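*Asks:* Please read through the structure below; I'll follow up with questions.
Coordinate-derived values only; no laboratory data. Bear in mind that the values here come from a model prediction, so they are computed numbers and not experimental data. In this analysis, Cβ positions are derived from the backbone assuming ideal geometry, glycine residues included, and neighbour counts consider all displayed protein chains.
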Amino acid sequence: MQNVMAVNDLFAQELRESFDQNKNYVVNLLSSPGSGKTSLLEETIKRLKKDIRMAVIEGDIVGDQDARRIAALDIPAVQINTGGTCHLDARMVKSALPELALAQVDLLFIENVGNLICPASFKLGEDLRVVILSTPEGNDKVKKYPLAFRESQVVVINKTDLLGAVDFNIEQARSEVGDINPRSEVFTVSCRTGVGLDAWVDFLKRKVRGSGG
């Protein structure tokens, strides 16, 4: 495992150099399956596409449904199928880059495979790692999968429109995230109603513009 991680770190460094050279701001999205990664990505793209040039790398075990959803928004999208591997690694991401005109991309999203375990260990040369936690998942995910939350700079609590129908305590989630990673920023959003999305999008705009992208 140490050898695997060492090799991944080398590829991640190569990715970082490529992203720096092209002035790309890169966001790695992690979550459990069904938490709303692609829905959040769609709503984010709709709000940013007039101001920021974007592209997406989609990671899935099989299929290209999510990549087609992104491409329908007129955003370059590259599909990576891992064929069973539960995460993207830096080598996979590097193999997808020739399909993207990075010099024409300000903000690159990497939508990782739906999983809160394996993806947390693999760097992809990103600037920002974001964990999405949806309210139907319950309040136990933060403590069950601490590495994902410890290694991320942002937590997005999604599907807040379901709060009246599910057993989820936002303040408890905020507190547990703070215990694991006091520097993490927490956003609460609903992709269905749009609540909270403006704050999330404004945050991304500041990050991209601050990076020179």
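*Asks:* When N counts the residues of the chain, how does its alpha-carbon radius of gyration compare numerically with 2.2 N^0.38 Å, as a ratio?
*Replies:* 0.96
*Asks:* Restricting attention to the chain, give the cysteines that have no other cysteine Cβ less than 4.7 angstrom from their Cβ.
*Replies:* Cys191
*Asks:* Calculated FRET efficiency, Thr85 and Ser18, Cβ-Cβ r, R0 25 Å, to nearest 0.05?
*Replies:* 0.70
*Asks:* To the nearest 0.05, what FRET efficiency results for Asp202 and Leu147 with a Förster distance of 35 Å applied to their C-beta separation?
*Replies:* My answer for the efficiency is 0.80.
*Asks:* Total Lys pairs in the chain closer than 14 Å by alpha-carbon, pairs eight or more apart in sequence or interchain only? Mind dumping the intermediate values first?
*Replies:* Numbers: Lys23/Lys207; Lys37/Lys159; Lys46/Lys205; Lys49/Lys205; Lys50/Lys205; Lys94/Lys123.
Going through the chain pair by pair, I get 6.
*Asks:* Work out how much length Asp64 to Val195 would gain on full extension: take 0.36 nm times their residue separation and subtract the Cα-Cα distance, in nm to one decimal.
*Replies:* Working: separation 131, 0.36 × 131 = 47.16 nm, distance 2.84 nm.
This chain segment gains 44.3 nm when fully extended.
*Asks:* Please compute the contact order of the chain in relative form: average sequence separation of alpha-carbon pairs under 8 Å and at least six residues apart, divided by the residue count, as a percent. Mind showing how you got there, number by number?
*Replies:* Details: 402 pairs, mean separation 54.3, N = 213.
Answer for the chain is 25 percent.
*Asks:* Roughly how many whole Å is it from the C-alpha centroid of the range 134-208 to that of the range 9-49?
*Replies:* 17
*Asks:* Another question about this same structure. What 222 nm value per residue comes from the helices of the chain, counting each DSSP H run with n ≥ 4 as -39,500 (n - 2.57) and dividing by all residues, nearest 500 deg cm²/dmol?
*Replies:* Roughly -11500 deg cm²/dmol at 222 nm, from the helical runs in the chain.
*Asks:* Could you give the longest part of the chain that holds none of the trypsin sites (Lys or Arg not before Pro) found in DSSP loops with at most 14 neighbouring Cβ atoms within 10 Å? Show your work: numbers first, answer last.
*Replies:* On the way: sites that count: Lys23, Lys49, Lys50, Arg183, Arg192.
Formally, the longest exposed-site-free interval is 51-182.
*Asks:* Further question on the same structure: Rule-of-thumb check for the range 1-113: C-alpha Rg over 2.2 N^0.38 Å?
*Replies:* Expressed relative to 2.2 N^0.38 Å, the Cα Rg reads 1.04.
*Asks:* Here's something else I'd like to know. With 5 Å bins from zero, work out the P(r) of the range 118-171 over every alpha carbon pair and list the percent per bin.
*Replies:* 4, 18, 28, 21, 13, 10, 4, 1
*Asks:* How charged is the neighbourhood of Ala199? Take every other residue with its Cβ under 15 Å from the Cβ of Ala199, and add Lys/Arg as +1 and Asp/Glu as -1.
*Replies:* With Lys, Arg at +1 and Asp, Glu at -1, the neighbours total +1.
*Asks:* A further question on this structure: At a Förster distance of 45 Å, what's the computed FRET efficiency of Ala103 paired with Met5, Cβ-Cβ distance as r, to 0.05? Walk me through the numbers on the way to the answer.
*Replies:* Numbers: r = 30 Å, r/R0 = 0.67.
With R0 = 45 Å, the Cβ-Cβ based efficiency is 0.90.
*Asks:* Something else now. By the scheme Lys and Arg +1, Asp and Glu -1, what is the net charge of all other residues having a beta-carbon under 10 Å from that of Thr82? Intermediate values should be presented prior to the final figure.
*Replies:* Values: positive: none; negative: Asp60, Asp89.
Once positives and negatives cancel, what remains is -2.
*Asks:* While we're here: For a label point 7 Å from the Cα of Asp161 along Cα→C-beta, name the residues of the range 2-41 whose backbone N is under 19 Å from it.
*Replies:* Within reach of a label on Asp161, which here means backbone N under 19 Å from a point 7 Å along Cα→Cβ, the range 2-41 contributes 34-41.
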